[in-house]
Amino acid sequence: MTEKKPELILAFESSCDETSVAVVEDGVKIRSNVIASQINSQKRFGGVVPEVASRHHVEQVTLCAEEAMTQAGVTYGDLTAVAVTYGPGLVGALLIGVSAAKAVAFAHQLPLIPVNHMAGHIYAARLVKPLVYPLMALLVSGGHTELVYMRGAGEFEIIGDTRDDAAGEAFDKVGRVLNLAYPAGKKIDDLSKLGQDTFNFPRAMIKDANYDFSFSGLKSAFINKVHNAEQRGEKLSKPDLAASFQASVIDVLITKTMRVCQAYGVGQLVLAGGVAANSALRSALTSAIDQEDPNLDFVVPPIRLCSDNGAMIGAAAHVMMARGARADLDLNADPSLSFAYAEEVLN
Ligand code: KG4
Ligand code: ZN
């Protein structure tokens, strides 16, 4: 009797400033996950310069793919499919991954699976443990802050969204005021451990009867506090500023997340996206669940799977492929792709 061959997906991610290629087995096992970060190159600009990002992706994508295949110990003939992030993200950056994935799919006659980057972030949790539907995901990254309800595999409904800045964007902007290098999230996280929430910044929309967020008022309050102190010749404690800002973001995220989980009666909560690496957010959410909803199963990927990586795209591709998602070789990047994509790509 012949043994069933494992499903092996080669997955490309290039939506922002990480070039990553992974091989994922059966949607759950990471055979390789090669990540080339551009942070050292981009931090001198204080953010991601799209043209610089694209050039880095061009240089890295083939090397990452070869390395991912070698580390996984597979040949192109072993692959089941090729997956790629086709949005949302920077269009020039996305196009590099899309072109590379198409080239492999064409050369080796493999199905091409189009993946939404945000779905990838959520499915990073599937690399930790099985997902149980219906579930809620708190998706917090540099570009998004969303509460996403999933009735079933590959079905996404946005229940709450940010009205202005994304949570990660707010960390990065506030970091600039504190002279921290881009991206500042991790540095604010570390600095906060040395300070206290003494400034009592606003908790925008915390009491509103919806699940939306707003972080631009917090950012302005922070900037005003620092500038007013500078004008008076006062020096404020950086750790206290960082801790106060972070406490405000976390307070709002947790209050709304706990409320939405109750309202939708979900049994599982997934924390996803780059800001999910925040140590205070991870522990505060764990405590809130222990106290308010101990039966809620909390799934949070390890930190290396929270920021952009190919393995999460391979995990999401497994689900989308099972649902019939396929792209032709004319697949284009879609920089403002929304979750509604699922219907378009399902055959
Ligand atoms: O998901 P991601 O890697 O890229 C996007 O898809 O946006 O998220 C990057 C964001 C950045 O804004 C970065 O500052 C933030 O995640 N971040 C953090 C932490 N680590 C990364 N924010 C807060 N605390 C952290 N430890
Ligand atoms: Zn991301």
- request: May I ask for the distance between the Cα centers of the range 245-291 and the range 55-70, given as a whole number of Å?
  value: 35 Å
- request: Show which lysines lie in cross-link reach of Lys187 when reach means a straight Cα distance below 30 angstrom and same-chain residues fewer than eight apart are skipped.
  value: Lys43, Lys129, Lys173, Lys207, Lys219, Lys225, Lys235, Lys238, Lys256
task: Calculate for the chain the 222 nm mean residue ellipticity that helices alone would give, adding -39,500 (n - 2.57) per DSSP H run of length 4 or more and normalising by residue count, nearest 500 deg cm²/dmol.
output: -13500 deg cm²/dmol
message: If packing is taken as the average count of other Cβ atoms within 10 Å, what order do 84-90, 281-287 fall into, highest mean first?
response: 84-90, 281-287
statement: Note: probe point = Cα of Glu59 + 7 Å toward Cβ; backbone nitrogen < 18 Å; residues of the range 9-50 passing the test are 14-21, 35-50
task: Provide Rg over Rh for the chain; use the alpha carbon set for both Rg and the Kirkwood Rh (inverse mean inverse pair distance).
output: 0.99
message: Given R₀ = 25 Å, what would the calculated FRET efficiency be for Arg176 paired with Ile303, taking r from the Cβ atoms and rounding to 0.05?
response: 0.60
- prompt: Cα centroid distance between the range 1-35 and the range 194-229, in Å?
  reply: 40 Å
- line: A student applying the Cα gyration tensor rule (rounded when a/c is under 1.5; otherwise prolate if a/b is larger than b/c, oblate if not) would label the range 1-148 oblate
- line: For 66-76, 231-241, 120-130, ranked highest to lowest by mean beta-carbon neighbours within 10 Å, the order is 120-130, 66-76, 231-241
Carbon and sulfur %, accessible surface of the range 232-281 computed with the full protein complex present, 1.4 Å: 53 percent
- prompt: Averaged per residue, what accessible area in Å² does the chain show with a 1.4 Å probe, protein chains only?
  reply: 42 Å²
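The values are calculated or read from the model by the stated rules, or taken from the named source; none is laboratory data. On a predicted model such as this, the values are computed, not experimentally measured, just so you know. Glycine also receives a Cβ, built like all others from the backbone with ideal geometry; neighbour counts cover every protein chain displayed. These area figures cover heavy atoms from the full protein model, side chains too; ligands, DNA and RNA do not enter into them. Shrake-Rupley method; radii C 1.70, N 1.55, O 1.52, S 1.80 Å.
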